[in-house]
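A.B. asks: First, the structure itself, so that you have it in front of you.
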Amino acid sequence: MKPITIVKNRSDIGAGTRGSDLGVDAIEIAAINQKNGFFNAHEHVDVPTHNETIYNKNFLKIEHRLGFVLEQCERVCTAVSKVLGQNRFPLILSGDHSSAFGSLAGIQKAAPEKTLGVIWIDAHADLHSPLSSPSGNVHGMPLAAALGYDNETLDVNQVNDKTLQLWENLKKVGGDKPKVAPEHLIFFGVRDTEEPEDKVMEQSNIKNYPVHEIRHRGLSLCVCEALEKLKDVDEIYISFDVDSLDCDLISKGTGTPVSKGFDIDEVVAIIQKITASQKVLALEVTEVNPLLDNKGNRMAEAAFEVIHRLFQKK
């Protein structure tokens, strides 16, 4: 295992609910309360944010949100590509999921000639574009941007030219070509989608392993299938959104909690088995929102338990 650099991205400007910008610190507090020195044992970088932009009266307009997310993704791209260039492993802790596109862009920037596979552990598909998103929340768009999709035939919104230009600019952060091909994107745990996303998944033949399938067919079998689908990629990036966990079992401390999700053991096992491929070059943990937690700091504690179990020295 390469040495770890923790990339702390405390941005929540792509979310519909405020508070995930506090998620990184909530995870650190979970470690401190357990008297665990994980965060002192590894290098870290802090990605600058501009969360104060939410106080701008124009913030709710989609072009403003998209513009701010574009800037944040450029910052994350720079940070992640620099860590990879130092031959280190980025453990990326993010506020909301929109800036995962920045992580993907940073991977492309660091090695544009390599083929990337993406494992997306999430309750949501995040396949919207400004045209297809009912909410306009950019944390539901990172994978459409990564795939280079506009979803023009699935539009539910009228968007202006400025928004479309910002979307084009976003897709090109880190390099002009798409960050991932649809056949190299695999979902685990997606169970809360909207019709445009369902159509994108169907049209692009994107595989999802829902919780019930993994429990019925067996976790090892499903992960082995996923790795077989990714046999031709050079590298794998894993994004773990904590809303993939069962909110009734764990906590509602995330922006869009969904029932009937994974337990902690299942998430750890999925990531461990994928990591065993020796292709994983980065892991992202995202969407902890302590302001919404109905059980104290439980979601951050769950996120840190996953991190600790994945990176503890044997």
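Read-outs: derived from the displayed coordinates by stated rules, not from any lab. If you're wondering where the values come from, they're calculated on a predicted model, not measured in any experiment. Cβ atoms come from the backbone with ideal geometry, glycine included; neighbour counts cover every protein chain shown.
A.B. asks: Listed highest first by mean packing, meaning other Cβ atoms within 10 Å per residue, what order do 39-50, 200-211 come in?
C.D. replies: 200-211, 39-50
A.B. asks: One-quarter of the Cα convex hull surface for the stretch 148-263, in nm²?
C.D. replies: 9.1
A.B. asks: Could you calculate the FRET efficiency of Ser259 with Asn169 from 1/(1 + (r/R0)^6), where r is the beta carbon distance between them and R0 is 30 Å, rounded to 0.05?
C.D. replies: 0.20
A.B. asks: Oh, and also: Roughly what % antiparallel, to the nearest 5, for the DSSP beta bridges in the chain? Could you put the intermediate results ahead of the total?
C.D. replies: Values: 1 of 36 bridges.
Here the share of antiparallel DSSP bridges comes out near 5 percent.
A.B. asks: Can you tell me the mean projection area, over all orientations, of the convex hull of the stretch 21-174's alpha carbons? Units nm², please. Each step should come with its number before you reach the end.
C.D. replies: On the way: hull surface 41.5 nm².
Reported value for the Cα convex hull: 10.4 nm².
A.B. asks: In terms of modelled amide H atoms, which long-range or inter-chain residues lie less than 5 Å from the amide H of Thr5?
C.D. replies: Those qualifying (amide H under 5 Å, at least 5 residues apart or on another chain) are Phe89, Leu91.
A.B. asks: How are the Cα pair distances of the stretch 96-189 distributed, in percent, across 10 Å bins from 0?
C.D. replies: In order of increasing distance, the bins hold 17, 51, 28, 4 percent.
A.B. asks: Greater than 18 Å separation of Cα atoms is the criterion. Which listed pairs, Lys171/Lys279; Lys207/Lys231; Lys61/Lys162; Lys8/Lys279; Lys109/Lys177, meet it?
C.D. replies: Lys171/Lys279; Lys8/Lys279
A.B. asks: Return the ratio Rg/(2.2 N^0.38 Å) for the stretch 4-311, where Rg is computed over Cα atoms only.
C.D. replies: 0.91
A.B. asks: How far apart, in nanometres, would the label points at Glu195 and Gln278 be if each is projected 7 angstrom from Cα along the Cα-to-Cβ direction?
C.D. replies: 4.8
A.B. asks: Here is a follow-up. With label points built 7 Å along Cα→Cβ from the Cα atoms of Asp155 and Glu52, find their separation and express it in nm.
C.D. replies: That separation, rounded to one decimal, is 3.7 nm.
A.B. asks: Over 17 Å, how big is the tail of the calculated P(r) for the stretch 251-309, in percent of all Cα pairs?
C.D. replies: I get 43 percent for the Cα pairs in the stretch 251-309 exceeding 17 Å.
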